[in-house]
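Derivation of every value follows stated rules applied to the coordinates shown; laboratory data play no part. All figures in this text were calculated on a predicted structure; none of them were measured in a lab. Ideal geometry is used to build each Cβ from the backbone, glycine not excepted, and the neighbour counts take in all protein chains shown.
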Amino acid sequence: MTGAIQPLRIAVIEGDGIGPEVTREAIRAADAAAAIDGVSFEWRKFPWGSDYYFEHGRMAPADYLDTLAEFDAILLGAVGHPSVQDHITLNGLLLPIRRRFDQYVCLRPSYLYPGTQSPLRDKEPGSIDILVFRENTEGEYANVGGRLYQQTDADVAIQTSVFTRRGCERIIRAAFESAAKRPRRKIASITKSNAQGYGMVLWDECFDKVAAEFPGVSTESLLIDRAVMEFVRRPESFDVVVASNLFGDILTDLGAIIVGSMGLAASANIDPTRRSPSMFEPVHGSAPDITGQGIANPLAAILSAAMMLDHLRLETSAARVNSAVKQLLARVDGPKPPDLGGSGRTEDIGSAIVELINASK
């Protein structure tokens, strides 16, 4: 897509910790790539996150979801602060966005780039290429339950997972549709139906039903404990993986590590219907221990911006960003982030990416 008349409107939530640092470089990369193809963005930043919480007692204004609904996409940095409990940051900002805008597809790729060392022995570049479809609006993160007799010896907490046929089938079908377009045409379902005899049994039933619609895609079903083991033992065997909210979250953290670093872990929270804005964010956290030091790895944020470009049908622009990241990591010279064995600073890595993008004209 080229030659857009009006700039695309992107809401930016830089958030906490290193969020502003890595988001800044993601915006630079997206601007550079899109400009070559005649597209521009209108970036609007919102000061929501833990600092907003300290001042107002909430992570964002009461009407923040209505505000976000007016944008073409959302770019997020990171949220989290040592002084704010994680359930407050997650339920006060991110999960309501995913639910309100029905971003039921969470895409998280794990790819072993040239020039990047896996902690696993003898893994060749490109040999690990996993795309995880994580269900993003229900399951174990549905936040259904309650507390009784809090702060007493009789304290009771009930946390209920929610699995619906609609929710299971639509994420599984999205994963199959992707697998059918990839060269290996393989998909693995992650379950725990031996112990979770209701929700995950429904999941398995939905997987079998949808699988019948895609006879050309080979399948396997793995219990989550075995899947974690196989991600380490035989990561090359995985292609597309579909998992529940919690299982997908766990597996993609592991997937990031086996390809080198959380600093390469990009993600997209997508509403496939495009009725609502989708949200793009690096998987890593706010990293308060390195905030302000200029050493944060911006590549996960940059790769997330590339996923945003692709979703906005700017496929050529997305390809420019992805190619620049691949070239930078493959180079012997040039800046690389500390988490990948280099000493490059955040801004220098971002500048190198922009230079490579501009060289692709």
Item checked: Amide proton proximity set for ILE128, modelled H, under 5 Å, gap of 5+ -> LEU112
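Just to confirm the filter: which chymotrypsin sites (Phe, Trp or Tyr not before Pro) across region 159-216 are DSSP coil and have at most 14 other Cβ within 10 angstrom of their Cβ?
Details: sites: PHE163, PHE176, TYR198, TRP203, PHE207; in loops: PHE163, TYR198.
Sites meeting the loop and neighbour criteria: TYR198.
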Item checked: Burial ranking of peptide ranges 50-59, 293-302 (average Cβ count within 10 Å, highest at the top) -> 293-302, 50-59
Item checked: Amide proton proximity set for THR191, modelled H, under 5 Å, gap of 5+ -> LEU222, LEU223, ILE224
Checklist line | Karplus-derived 3J(HN,Hα), 6.51/-1.76/1.60, for each residue of region 132-145, Hz, glycine and proline x | finding: 9, 9, 9, 5, 10, 10, 9, x, 6, 9, 5, 6, 9, x
Checklist line | Coordinate range along principal axes, alpha carbons of the chain, Å, largest first | finding: 56, 52, 42
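If you take the Cα Rg of region 129-258 and divide it by 2.2 N^0.38 Å, with N the number of residues, what do you get?
Normalised by 2.2 N^0.38 Å, the Cα Rg of region 129-258 equals 1.15.
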Next item on the list: Would you work out which of VAL242, VAL217, ILE171 lies farthest towards the positive end of the dipole of region 129-258? Charges go on Cβ: Lys and Arg +1, Asp and Glu -1.
Entry: VAL217
Check: Given +1 on the Cβ of Lys and Arg, -1 on the Cβ of Asp and Glu, and no further charges, what dipole in debye does the chain carry about its Cα centre, rounded to the nearest 20?
Finding: 860 debye
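At a temperature of 20 °C and a viscosity of 1.002 mPa s, determine how fast region 12-152 diffuses translationally according to Stokes-Einstein, using the Kirkwood radius over alpha-carbon pairs as Rh; express D in µm²/s, rounded to the nearest whole number. Walk me through the intermediate numbers first.
Numbers: Rh = 18.0 Å.
So the translational diffusion coefficient is about 119 µm²/s.
In which sequence would TYR141, TYR149 go, from the one with the fewest C-beta neighbours within 10 Å to the one with the most? Present the calculation step by step, with values, prior to reporting the outcome.
Numbers: TYR141 21, TYR149 10.
Placing the least packed residue first, the sequence is TYR149, TYR141.
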Next item on the list: Determine the distance separating the Cα centre of region 183-204 from the Cα centre of region 78-96; give it in Å without decimals.
Entry: 29 Å
Note to self: Amide H of SER267 versus every other amide H placed in the peptide plane: which residues, excluding those fewer than 5 positions away on the same chain, fall under 5 Å?
What the structure shows: GLU281, VAL283, SER304
Item checked: Pairs of lysines in the chain (C-alpha under 19 Å apart; 8 or more residues apart or interchain) -> 5
Item checked: Calculated from backbone phi, Karplus (6.51, -1.76, 1.60) coupling profile of region 120-125 in Hz, x at Gly/Pro -> 7, 6, 6, 9, 7, x
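Where in region 88-181 are there trypsin sites (Lys or Arg not before Pro) that are in a DSSP coil and have at most 14 other Cβ atoms within 10 angstrom of their Cβ? Present the calculation step by step, with values, prior to reporting the outcome.
On the way: sites: ARG98, ARG99, ARG100, ARG121, LYS123, ARG134, ARG147, ARG165, ARG166, ARG170, ARG173, LYS181; in loops: ARG121, LYS123, LYS181.
Counting only loop positions with at most 14 other Cβ atoms within 10 Å, the trypsin sites (Lys or Arg not before Pro) in region 88-181 are ARG121, LYS181.
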Next item on the list: State to the nearest 20 debye the size of the charge dipole of region 1-92 about its Cα centre, where the only charges are +1 on K and R beta carbons and -1 on D and E beta carbons.
Entry: 80 debye
Next item on the list: Using packing as a proxy for protection, rank 38-47, 16-25, 72-81 so that the peptide with the highest average count of other Cβ atoms within 10 Å comes first.
Entry: 16-25, 72-81, 38-47
